[in-house]
Amino acid sequence: MPAFLLQSVASTFDQPTIDFHALAPALVLTGALVVVLLVDLFTPKGSRGIVPSVAGIGILAAMVPVLTLALDGADRSMFGGAYVVDNFSLVMQAMFLLAAYVVVLLSTNYIAEGDYAEGEYYFLLLSALLGMLVMASSRDLVTMFVALELLSIPAYMLAGWRKRDRLGNEAGVKYYLMGVFASAVTLYGMSLLYGISGSTLFTDIAVAVARGDGFGDTTPFITLGVVFVLVGFAFKVSAVPFHTWAPDTYEGAPTPVTAFLSVNSKAAGFVALLQLILIAFIGRDDVVGPLMWVLAALTMTVGNLIALRQTNIVRMLAYSGVAQAGFMLAPLAVVGSNSDGARSAVVTYLLIYAAMNLGAFAVVLAVARKTRSAEIASWGGLFEYAPGLTVLMTVFLFSLAGIPPLGGWLAKFVVFRALLSPELTAGGVILAVVVGVNSVIALYYYANVARQMWMNPVPDGDRTPVRVPFSLAAAIALTLVFTVAFGVSNLATRFGDLATFLPA
């Protein structure tokens, strides 16, 4: 047998080097999954509160290795570069875990008081979270696709958790069918890229994509592969025109699941886009830039214009989430001329968006405990019987609108800074104008909810105070701290940075 064949066979049976410290967040969360399953199996059905406590403790335990890895500071790579732990992956893993912990707090009373299978709910929630942790470290097409399915399949089931509700059934079916279609498109694009590059590693694909390796003229196939993969993940972030699942799914799913999908699932899609665009497709700015420009402009404009017409606050937040995705896509349109600025802008926006959007959904849950309605009209006169919740919701809404000194203004600022970088481009300037116009449009429908709470009368005259459970109050407090801290702590620094946009 030739020597190279012997070497190939021997390498097949080589044991991969496993860095258990790097894998610790995922391993701890996997252990929490098993414990949740066992606790639910052996706990009497009447015992409420044990399973969510175990799930929350498991999520916080997974944060410990994330912190130790961050303190260590070394980049770690395994499986031939398919799984990488670096600063980017650690920041995103920390965001996923903290946001999921807030979702557990939101879910505790909602699930316990409803006719839901509690153990299965938290098991699926942690399973989707595990896929997100893997997604943050994936640097390989196969690893990324496995992570995508691991986070998507439990999410489909969670979206249809209200089995006896027509809107819940519609939410689950629509999300599932659209998700399967998007996965098929993504997988086809990945197969084209693998066929051209002969590798699933992002670094190898980057080399092949940049110089057009393959047989004959592969440029059309490279372009098709890049577009298909990006379109597949555009569904995950609810970018227009791939957003049609979001409003119905958000309205029909349990509200904590809606919060989870609007933050964690969307963030996972952006993590994938960042890694693909900044590593695998770094040589194809001619495709990525125009595609992201069109998606960003369409997404923020269509999302905001439709949000103006909504009378249901969950659907309004759904279309608001679509528009927010457009703001986050905008820096990717100039990734060719400002890659570091684009990545920083998207990550900063994701962190702030997670806090303020989860906070808004937490208040929606609290108010719905009394009104039993998601109609914006039912929020009339909220200040008269729930002044604290009114102030808090106003903070979250104005933060989403980008009003200083709340965190949302910083999110908008870093987007403008990326688009108006020293390497000014006509496309970046025009898109910055589109972002500015859409920021003004968004303020109208956020302010409309505030007007209902502060100025309109109570629709039914019932001024009974709203009772907020401890877990829900804790979720609101956590999100409020991050929303305010992000904005205030960066206010002086960022206003100093404005000098970079002024002429000398």
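The values are calculated or read from the model by the stated rules, or taken from the named source; none is laboratory data. Keep in mind the model is a prediction, meaning the values are calculated, not measured. Note that we place each Cβ from the backbone using ideal geometry, even for glycine, and neighbour counts take in every protein chain shown.
Which residue out of Val302, Val288 is of a type outside the set (Phe, Trp, Tyr) and either closer than 12 Å to Leu230 by Cβ or crowded, with 24+ Cβ neighbours inside 10 Å (or both)?
On the way: Val302 fails: either closer than 12 Å to Leu230 by Cβ or crowded, with 24+ Cβ neighbours inside 10 Å (or both).
From the options Val302, Val288, the qualifying one is Val288.
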Original post:
Within the bounds of region 44-59, is there any residue that is under 17 Å from Ala22 (Cα atoms) and under 23 Å from the mean Cα position of the chain (by Cα)?
Top reply: yes
Original post:
With Ala62, Ala100, Ala128, Ala74 as the choices, which residue is over 20 Å from the mean Cα position of the chain (by Cα) and hydrophobic (A, V, I, L, M, F, W, C)?
Top reply: Ala74
**OP:** State the number of residues belonging to region 413-427 that are out of contact with any Lys or Arg (no Cβ under 8 Å at 6 or more places or on another chain) and farther than 16 Å from Leu332 by Cβ.
**Re:** 3
**OP:** For region 296-313, enumerate the residues that are over 17 Å from the mean Cα position of the chain (by Cα) and part of a helix (DSSP H, G or I).
**Re:** Ala297, Leu298, Thr301, Val302, Asn304, Leu305, Ile306, Ala307, Ile313
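Restricting attention to region 158-173, does a residue exist that is buried (at least 19 other Cβ atoms within 10 Å of the Cβ), farther than 17 Å from Tyr121 by Cβ and touching a Gly at 6+ places or on another chain (Cβ under 6 Å)?
Quick first cut of region 158-173, residues buried (at least 19 other Cβ atoms within 10 Å of the Cβ) only: 158-162, 168, 171-172.
Next, from what is left, pick out any that are farther than 17 Å from Tyr121 by Cβ: none.
Checked against the condition, which is being buried (at least 19 other Cβ atoms within 10 Å of the Cβ), farther than 17 Å from Tyr121 by Cβ and touching a Gly at 6+ places or on another chain (Cβ under 6 Å), region 158-173 yields no hits at all.
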Original post:
Identify, please: which residue in region 358-416 is over 20 Å from the mean Cα position of the chain (by Cα) and among the charged types (D, E, K, R) and is, among those, surrounded by the fewest Cβ atoms within 10 Å (Cβ to Cβ)?
Top reply: Arg372
Original post:
Would a scan of region 441-448 turn up a residue that is surrounded by fewer than 20 Cβ atoms within 10 Å (Cβ to Cβ), aliphatic (A, V, I, L, M) and closer than 28 Å to Pro290 by Cα?
Top reply: yes
Subject >> Any pair with Cβ under 6 angstrom, 6 or more apart, that starts in region 269-291 at a residue that is within 13 Å of Gly232 (Cβ to Cβ) and ends at one that is among the basic types (Lys, Arg) >> reply: Gly269/Lys236
**OP:** Considering each of Leu124, Leu67, Leu129, Leu71 in turn, give the residue that is in contact (Cβ under 8 Å) with a residue 40 or more places away in the chain and in a helix (DSSP H, G or I).
**Re:** Leu129
**OP:** Within region 239-260, count every residue that is modelled with pLDDT under 90 and either in a loop (DSSP other than H, G, I, E, B) or closer than 18 Å to Met144 by Cβ (or both).
**Re:** 7
